[in-house]
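One structure is given below, encoded as structure tokens.
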Amino acid sequence: MTANKRKVEVFSAGCGVCDETVALVRSLACGSCDVVVHDLHQSEVAAAAKRYGVHSVPAVVVDGKLAECCTGRGPQESALRAAGIGVQL
């Protein structure tokens, strides 16, 4: 982040939902926003996403912090088990 710019990073896998999020972020961005879109198919990008705590995509990081709308998501073992995964029919 520079003194006069807000760094906005979008982590994307290139899917339709990700593309919609990229478009939304770009439409909201102002002259003080530096928007960068990261392709999670690249290993170094996946490592950066992990450091930010990204568990699902699309995800948005603003000034080095995962946006509140993107936290706490991703598969959780307890929820998957509660849905029946691992239980014989």
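The lone criterion from (1) farther than 15 Å from residue 8 by Cα; (2) in contact with a Ser or Thr (Cβ under 9 Å, 6 or more places away or on another chain) left unmet by residue 38 is number (1). Restricting attention to region 32-47, the residues that are touching a residue at least 12 places away in the same chain (Cβ under 8 Å) and either farther than 20 Å from residue 18 by Cβ or not charged (D, E, K, R) (or both) total 9. For the structure I just gave you, tell me whether residue 37 is among the β-branched types (Val, Ile, Thr) and part of a helix (DSSP H, G or I). The answer is no for residue 37. A count restricted to region 26-47 and to residues that are touching a strand residue (DSSP E or B) at 6+ places or on another chain (Cβ under 8 Å) and either more than 14 Å from residue 66 (Cβ to Cβ) or modelled with pLDDT under 95 (or both) stands at 11. For the structure I just gave you, tell me whether residue 57 is of a type in the set (A, V, I, L, M), in contact (Cβ under 8 Å) with a residue 12 or more places away in the chain, in a loop (DSSP other than H, G, I, E, B) and surrounded by 14 or more Cβ atoms within 10 Å (Cβ to Cβ). Taking the combined requirement at face value, the residue satisfies it. Across region 70-81, not a single residue is classified as on the phi < 0 side of the Ramachandran plot, in contact with a Pro (Cβ under 8 Å, 6 or more places away or on another chain), not hydroxyl-bearing (Ser, Thr, Tyr) and not in a helix (DSSP H, G or I).
Filtered by the rule that a residue be more than 12 Å from residue 61 (Cα to Cα) and either touching a residue at least 12 places away in the same chain (Cβ under 8 Å) or part of a helix (DSSP H, G or I) (or both), region 2-20 gives 2, 4, 5, 13, 14, 15, 16, 17, 18, 19, 20. Quick one: would you say residue 80 is over 10 Å from the mean Cα position of the chain (by Cα) and at pLDDT below 95? Here the answer is yes, as residue 80 does meet what is asked.
The values are calculated or read from the model by the stated rules, or taken from the named source; none is laboratory data. In this text, all values refer to a predicted model and were calculated from it rather than measured experimentally. Quick reminder, even Gly has a Cβ in these numbers, built from the backbone with ideal geometry, and neighbours come from all protein chains shown.
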